[in-house]
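> Below: one structure in structure tokens.
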Amino acid sequence: MARSVIRDDGKRDRLVRHVYGEIPPPPQRLDVARRPWHEAGGEILTLSMSHDGRTHTVDGALFLPPDARGPVPLVVGLAFLGPLGAVDAPGFPVDPNAVVEATSAGFPDGRLRPAMRGRHAARWPRDLFHAAGCGLLLACYGSFTPDDPIASFARGVAPLIGIGAMPMPALPPEGNSPGALALWAWAYSRLVDVALARPEIDPARIVVAGHSRLGKAALLAAAHDTRIAGVFANNSGCLGVRPSAIRRGETPDALAARFPHWVTPAFAADPHPPDGVDQPDLLAAVAPRRVYAASATEDSWADPAGERAGLIAAAPAWRALGCDVPEIDADAPLVAGAAFTVGPLGWHLRAGPHELTRDDWERALPHLLEPPR
């Protein structure tokens, strides 16, 4: 069982510095161009980020509920295929420089292409968001930082803000420089920047969401960016909700060996968190805001028992801040449909594999969108 923690930002900072690397400051300038995406009922947003004479652009999409009255809550998501894969409609540009994990969608080379349109539409059910009176702001994670050991530091955010060598082949700097998870967390905050500039969006009800590796990045973003009101981490596993001290499923060693570009060079070389800190310290840094995590019965790699244990270990941080968080039964059977919502914390176990589904959203959205007290 993971040890219980209360909020200690010093512990969070030690963990982040060694495992993920420091999240960089925002760019010196962020401009947004808007144009209608008529085929999808939304807008295409082009983010132009400028820093020290360098510029990087990323396309995203914003979908607001029709006939909304007053500012609406918003889900901010990074997606594996971005709006291209989330919407089965023409019109969204294909980023030729992005590198993504798309093996499950049938594209193992990781390049975006028109044939991906709508492949992940079930992961982002816009009708469900609209029925809840909620907007959706979505971008492709690989357009900010390519998901590749070399390209992560040669293209995108890293050269924009001066991380890594810009000529190919580019390698990450030594020590505790940010890995891709920290750069994707940075991307979440840039999308929050965009959201806060829109009067149609309620600034107090912006939540971030991510699946798998992007659940890890969403948690990291929420732990640092207090403008984020809540986070939904779906099947986030190792370096996400699950404590690294639990040695089953995907361990830090296995993750660092397979994806060394996600973490700092120091952690890739020695994949152990600093003594006395673990993932519950990252979760605790989100308190008193909302955290919702979801697991799947067939996802032994992310480890449902470990994900639940991480939330239980972090719960004292909310209690210490005066939140009403009843005790959570750590020995309750891990069966499909198991769930809890205790104050700002929530979790469920869905039947099935490592995936983000409509059922996950149906359970998570009511908790995430509850008005702040």
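Yes/no matrix, rows are residues, columns are (1) out of contact with any helix residue (DSSP H, G or I) (no Cβ under 8 Å at 6 or more places or on another chain); (2) under 14 Å from residue 77 (Cα atoms); (3) touching a residue at least 12 places away in the same chain (Cβ under 8 Å); (4) part of a loop (DSSP other than H, G, I, E, B):
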position	(1), (2), (3), (4)
182	no, no, yes, no
188	no, yes, yes, no
195	yes, yes, yes, no
204	yes, no, yes, no
210	no, yes, yes, no
215	yes, yes, yes, no
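> Something else about it: Could you give every pair whose Cβ atoms fall below 8 Å, whose first residue belongs to segment 148-175 and is basic (Lys, Arg), and whose second residue is modelled with pLDDT of 95 or more and surrounded by fewer than 18 Cβ atoms within 10 Å (Cβ to Cβ), counting only separations of at least 6 or pairs across chains?
Here the result reads 155/97, each pair linking segment 148-175 to a residue that is modelled with pLDDT of 95 or more and surrounded by fewer than 18 Cβ atoms within 10 Å (Cβ to Cβ).
> Still on this model: Just to be sure before I move on: is residue 98 of a type in the set (Gly, Ala, Ser) and touching a Lys or Arg at 6+ places or on another chain (Cβ under 9 Å) in the structure I sent?
For residue 98, the condition - of a type in the set (Gly, Ala, Ser) and touching a Lys or Arg at 6+ places or on another chain (Cβ under 9 Å) - is met.
> Something else: For segment 71-108, which positions are of a type in the set (Gly, Ala, Ser), in contact with a strand residue (DSSP E or B) (Cβ under 8 Å, 6 or more places away or on another chain) and either free of Cβ contacts under 8 Å to residues at least 24 places away in the same chain or part of a loop (DSSP other than H, G, I, E, B) (or both)?
Matches in segment 71-108: 89, 91, 98.
> Can you pull out the residues in segment 242-261 that are outside any loop (DSSP other than H, G, I, E, B) and either touching a helix residue (DSSP H, G or I) at 6+ places or on another chain (Cβ under 8 Å) or at pLDDT below 95 (or both)?
Of everything in segment 242-261, those that are outside any loop (DSSP other than H, G, I, E, B) and either touching a helix residue (DSSP H, G or I) at 6+ places or on another chain (Cβ under 8 Å) or at pLDDT below 95 (or both) turn out to be 242, 252, 255, 256, 260, 261.
> Okay, next question. Give the residues of segment 123-159 that are surrounded by 21 or more Cβ atoms within 10 Å (Cβ to Cβ) and in contact with a Lys or Arg (Cβ under 7 Å, 6 or more places away or on another chain), sorted by residue number.
136, 146
> Given the criterion modelled with pLDDT of 95 or more and within 19 Å of residue 180 (Cβ to Cβ), identify the matching residue among 98, 89, 115.
After applying the criteria, what remains is 98.
> Another question about this same structure. Could you list, in sequence order, the residues of segment 1-32 that are among the acidic types (Asp, Glu) and either at pLDDT below 95 or over 19 Å from the mean Cα position of the chain (by Cα) (or both)?
8, 9, 22, 31, listed by residue number.
> Out of all the residues in segment 155-165, is one or more part of a helix (DSSP H, G or I), more than 15 Å from the chain's Cα centre (by Cα), at pLDDT 95 or above and closer than 24 Å to residue 270 by Cα?
Yes, there is a match, as at least one residue in segment 155-165 is part of a helix (DSSP H, G or I), more than 15 Å from the chain's Cα centre (by Cα), at pLDDT 95 or above and closer than 24 Å to residue 270 by Cα.
> Now for a different question. Can you pull out every residue in segment 10-36 that is among the small types (Gly, Ala, Ser), surrounded by fewer than 14 Cβ atoms within 10 Å (Cβ to Cβ) and not in a strand (DSSP E or B)?
10
> Given the structure, is residue 259 under 12 Å from the mean Cα position of the chain (by Cα) and not small (Gly, Ala, Ser)?
No.
> Sticking with this one: Among the candidates 135, 142, which residue alone is within 22 Å of the chain's Cα centre (by Cα) and closer than 23 Å to residue 262 by Cα?
142
> Within segment 91-122, restricting attention to residues that are surrounded by fewer than 17 Cβ atoms within 10 Å (Cβ to Cβ) and of a type in the set (A, V, I, L, M, F, W, C), which residue is farthest from residue 34 (Cα to Cα)?
Top of the filtered list is 105.
> Something else: Restricting to segment 73-107, what's the tally of residues that are touching a Phe, Trp or Tyr at 6+ places or on another chain (Cβ under 7 Å) and small (Gly, Ala, Ser)?
5
> Checking the conditions here, which among 310, 337 is under 16 Å from residue 363 (Cβ atoms) and either modelled with pLDDT of 95 or more or of a type in the set (Asp, Glu) (or both)?
Of the residues listed, the single one that is under 16 Å from residue 363 (Cβ atoms) and either modelled with pLDDT of 95 or more or of a type in the set (Asp, Glu) (or both) is 337.
The values are calculated or read from the model by the stated rules, or taken from the named source; none is laboratory data. Here the structure is a predicted model, which means the values were calculated and not measured. Reconstructed Cβ throughout: ideal geometry from the backbone, glycine too, with neighbour counts over all protein chains shown.
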